[in-house]
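Presented below is the structure to which this report refers.
The values are calculated or read from the model by the stated rules, or taken from the named source; none is laboratory data. Everything numeric here is computed off the predicted structure, so don't read it as measured data. Neighbour counts are summed over all protein chains in view; Cβ atoms, including those assigned to glycine, are modelled from backbone coordinates with ideal geometry.
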Amino acid sequence: MKFFVCILTLILTSQLDAKPMPEKTNHSFTNRLINEKSPYLLQHAHNPVDWYAWGEEAFKAAKTEDKPVFLSIGYATCHWCHVMEHESFEHEEIAALMNEAFICIKVDREERPDIDNIYMTVAQMMTGQGGWPLTIIMTPDKKPFHAATYIPPEQRYGRIGMRQLIPRLSHAWKNQRKKVMESSDQITHVLAEQNATGSGAELSPNLLKDGYKELLNQYDPRKGGFGLQPKFPTPHRLVFLLRHGEAEGIKAVEHTLKEMRMGGIFDQVGFGFHRYSTDNDWLLPHFEKMLYDQALMAMAYTEAYELTGSPLHKKVTEEILEYVMRDMTVPDSSEGRRDACNTEEVPQPGHSGGGFYSAEDADSEGEEGLFYIWSAEEMKEILGDDYDYIARIWNIQEEGNFRDESTGLMNPNNIPHLVEPALCAGFSDGEPPHSGGCTDADRISEPRQKLFEVREMRIHPLKDTKVLADWNGLMMAAFAKAGRAFGEQRYVDAAIQANRFVESEMRQADGTLWHRWREDHTAVPGQLEDYAFMIYGLLELYEATQEFQCLEMALKYNEILTASFRDENKGGYFMTADDAEELIVRPKELYDGAIPSGNSVQMYNLLRLARLTGRPELESLAAETGKAFGGMIERSPSNFAQALIALQFAESETVEIVVVGEKDAPETEAMLEYIHSVYKPGKVVLLKEPANADQLAELAPFTKDQHQLDGKTTVYICRNFACERPLNSLKELKSRFN
């Protein structure tokens, strides 16, 4: 890599005269992206840049015209992607430089996570950092030789500008071709070596203790969360700490969950979490809202409720799910109701709703966060006599209550956020009143609704209305988990609707998935995360509904992963199927970032499926998947929190429960309700009823000889591979399972 750095330095330190940049013009342009479905690509369809979508046409043009490729990767709700577009891609002179020097390709990273994964790894390898917009300069053979994130139009503060960089890269391509090609070959070789992970050793249980200590060392005792700014929610870390079961870790989780709900990272007016906080106090967020954050946060709050019984955690979960149902759900135009999971045939598309949109932008009217912030004067006008109360609990200040991230100066507007001692004014957490006393928790509802109705009349941020199978799997899991924990059928119904949407709109006749749907158009063959996250959602839906078809569908998706995605040499799963488009490497993601990796989730899936079906080969596949993490997890276990959750499940007490009886019988419902109320993350539950006994026995052969005793609902409990005598009374169940 040092050889490459020398070449790059030579390219970038060449001296060119900087000339003033002319103003942008208002000419109307249309490029090839006008024919795409991705909202992100469509945002760039009127740039003067001659954009191509990723595909054979672009790379053929690069070879024919002997030009390098300018690859720009981003997503529709990315603030700095908008900035770079407005500053450079809409600028005629910069666009002309780009068109002359490069074949320019735009990629939506949410639509093509495989491409994003490869070139983000390249950027981190070459520059030590990553992020979006991601800029890669590469050969027509897709081999990279320059990487950057945001690039300003002109050189500023030591960061090279587009106007200076483009001629230098073009000069290097034309006059230093041999060195550029050698460098790109070397980078690609290092990338391939880095991608070939796996130590061959099973994950050690000691990693659980190490990961726990590492997270507590990173924990911020003042405001919760881990590390310094920027602060990401990383809810899988919170779930790991909850399941570790030690008081200090549980206290850290509860503190973090409370501080996040109080902060500006939570939308106090319309609910839902913003992407992350730019400061240590959860006050000033980047304002985009991502579907996966809502799903993961809802699951973390639900699990905290299951463990502690705190009404606070239940209420926050309900607020998150209200936001998703209200603002992020595809309208349902279908008629009638089907089973939760349909495995017999693929329904005809075009009639089902219930899937979930991907994201909402941070920007509106060209300004980040404008939709979400308030002046004191506007609030006074809207709220009247309620203003003083709202100003007190949400810390509304005449001069504004936050500093602008870029200037450090006070912004004259306000981000609503709860402050002590008025915590209970926002929600009742069941704790004793603070020294100043608790305000009526319901009093905030009416003024909040007034503000919400006024805000709805503002110009809304862009909504990314594509539906992604993987993120829908996570959201489906969140609704199913909350519905089961709270006894709320409407949440279970939302999960059923989401699965119905994926079945009807995104599952092909051969049972494989599409990754993306938008406006009745599907694209991109399903990737690891699509199958792994859908399996995860189906297993949660099975627990909530006890419809064996959900388990059957999860096993079908698992078969696809085993047949087409599995790495037989190093363990784990590739991101793409064996018949997918050939890229410079076949990507394989292990790291649990803002979203858990497909490999981590699939390891957990395999363990749950093994215990639900009694199939030991699935447990062997899980162990093999763990080997793929190799020495990486040992170096920094806290960065693999979802993998640690899978390891927790593997190492915890195994509890398999089979309930035999009529699903709608009162005694069956009572027993299932009690079983679900007991917080044991290591348990799995099967319902065997006369209508599904034969089919269930095919999926889980160990249930074949389990029957009702004395005509009553009967429960069979097995712990740590030893089965207890069956029981058929709720009283006995409560005495033996708690």
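Restricting region 584-623 to residues that are among the polar types (S, T, N, Q) and crowded, with 18+ Cβ neighbours inside 10 Å, which is farthest from E214 (Cα to Cα)? Spell out the reasoning first.
Applying the first criterion (among the polar types (S, T, N, Q)) to region 584-623 yields 597, 599-600, 602, 605, 613, 620.
Going one step further and asking which of them are crowded, with 18+ Cβ neighbours inside 10 Å, we end up with 597, 599-600, 602, 605, 613.
Numbers: S597: 20, N599: 22, S600: 19, Q602: 24, N605: 25, T613: 35 Å.
Selected residue: T613.
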Qualifying positions in region 624-637 - crowded, with 24+ Cβ neighbours inside 10 Å and either in contact with a Cys (Cβ under 7 Å, 6 or more places away or on another chain) or not hydrophobic (A, V, I, L, M, F, W, C) (or both) | T625, G626, P637
Can R566 be described as of a type in the set (K, R) and within 22 Å of the chain's Cα centre (by Cα)?
-> no
Only residues in region 624-646 that are closer than 12 Å to D210 by Cα and outside the structural domain of G682 (by TED's automatic domain parsing) count as the first member; pair them with residues that are aromatic (F, W, Y) and not in a helix (DSSP H, G or I), Cβ under 9 angstrom, at least 6 apart or cross-chain, and list the lot.
-> S638/F226; N639/Y591; F640/Y591; F640/F629
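Yes or no: region 659-673 includes at least one residue that is in a loop (DSSP other than H, G, I, E, B) and either in contact with a strand residue (DSSP E or B) (Cβ under 8 Å, 6 or more places away or on another chain) or under 17 Å from V601 (Cβ atoms) (or both). Let's see the steps before the verdict.
Going through region 659-673, the residues in a loop (DSSP other than H, G, I, E, B) turn out to be 661-665.
Now narrow it down to the ones that are either in contact with a strand residue (DSSP E or B) (Cβ under 8 Å, 6 or more places away or on another chain) or under 17 Å from V601 (Cβ atoms) (or both): 661, 663.
Yes, region 659-673 contains a residue that is in a loop (DSSP other than H, G, I, E, B) and either in contact with a strand residue (DSSP E or B) (Cβ under 8 Å, 6 or more places away or on another chain) or under 17 Å from V601 (Cβ atoms) (or both).
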Only residues in region 703-721 that are under 13 Å from L733 (Cβ atoms) count as the first member; pair them with residues that are in a strand (DSSP E or B) and modelled with pLDDT of 90 or more, Cβ under 6 angstrom, at least 6 apart or cross-chain, and list the lot.
-> T714/V660; V715/V659; V715/L727; Y716/V658; I717/I657
Could you list, in sequence order, the residues of region 277-305 that are buried (at least 22 other Cβ atoms within 10 Å of the Cβ), among the acidic types (D, E) and over 17 Å from the mean Cα position of the chain (by Cα)?
-> E303
Pick from K251, K231, K223, K213: which is of a type in the set (D, E, K, R) and buried (at least 23 other Cβ atoms within 10 Å of the Cβ)?
-> K231
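For region 149-180, which positions are more than 24 Å from E65 (Cα to Cα), aliphatic (A, V, I, L, M) and surrounded by 19 or more Cβ atoms within 10 Å (Cβ to Cβ)?
First pass over region 149-180, keeping only residues more than 24 Å from E65 (Cα to Cα): 149-161.
Going one step further and asking which of them are aliphatic (A, V, I, L, M), we end up with 151, 160.
Correct list: I151 only.
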Count of residues meeting criterion [assigned to a helix (DSSP H, G or I) and in contact with an Asp or Glu (Cβ under 9 Å, 6 or more places away or on another chain)] in region 699-719 = 2
Would you mind stating whether K688 is charged (D, E, K, R), surrounded by 21 or more Cβ atoms within 10 Å (Cβ to Cβ) and out of contact with any Cys (no Cβ under 8 Å at 6 or more places or on another chain)?
-> yes
Taking only pairs six or more apart or across chains, which ones have beta-carbon atoms under 8 Å, a first residue in region 722-737 that is of a type outside the set (D, E), and a second residue that is part of a loop (DSSP other than H, G, I, E, B)?
-> P726/Q706; N728/Q708; N728/D710; N728/T713; R736/E724; F737/V678
Just one of (1) modelled with pLDDT of 95 or more; (2) touching a strand residue (DSSP E or B) at 6+ places or on another chain (Cβ under 9 Å); (3) basic (K, R) trips up R403, so point out which.
-> (1)
Do we have N720 as modelled with pLDDT under 90 and not hydrophobic (A, V, I, L, M, F, W, C) here?
-> yes
I137: passes all of (1) in a loop (DSSP other than H, G, I, E, B); (2) in contact with a helix residue (DSSP H, G or I) (Cβ under 6 Å, 6 or more places away or on another chain); (3) modelled with pLDDT of 95 or more but (1)
Residue check: is F70 in a strand (DSSP E or B) and touching a residue at least 40 places away in the same chain (Cβ under 8 Å)?
-> yes
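Would you confirm whether any residue within region 463-483 is free of Cβ contacts under 8 Å to residues at least 24 places away in the same chain and in a helix (DSSP H, G or I)? First the steps, then the outcome.
Of all residues in region 463-483, those free of Cβ contacts under 8 Å to residues at least 24 places away in the same chain come to none.
No, because not a single residue in region 463-483 is free of Cβ contacts under 8 Å to residues at least 24 places away in the same chain and in a helix (DSSP H, G or I).
Can F640 be described as assigned to a loop (DSSP other than H, G, I, E, B), hydrophobic (A, V, I, L, M, F, W, C) and buried (at least 21 other Cβ atoms within 10 Å of the Cβ)?
Details: assigned to a loop (DSSP other than H, G, I, E, B): no; hydrophobic (A, V, I, L, M, F, W, C): yes; buried (at least 21 other Cβ atoms within 10 Å of the Cβ): yes.
In short, no.
Please indicate, with yes or no, whether at least one residue in region 653-666 is modelled with pLDDT under 90, β-branched (V, I, T) and surrounded by fewer than 22 Cβ atoms within 10 Å (Cβ to Cβ). Steps first, answer last, please.
Here is the first cut: in region 653-666, the ones modelled with pLDDT under 90 are 653-654.
From what's left, β-branched (V, I, T): 654.
Narrowing the set further to residues that are surrounded by fewer than 22 Cβ atoms within 10 Å (Cβ to Cβ) leaves 654.
For region 653-666, residues modelled with pLDDT under 90, β-branched (V, I, T) and surrounded by fewer than 22 Cβ atoms within 10 Å (Cβ to Cβ): present.
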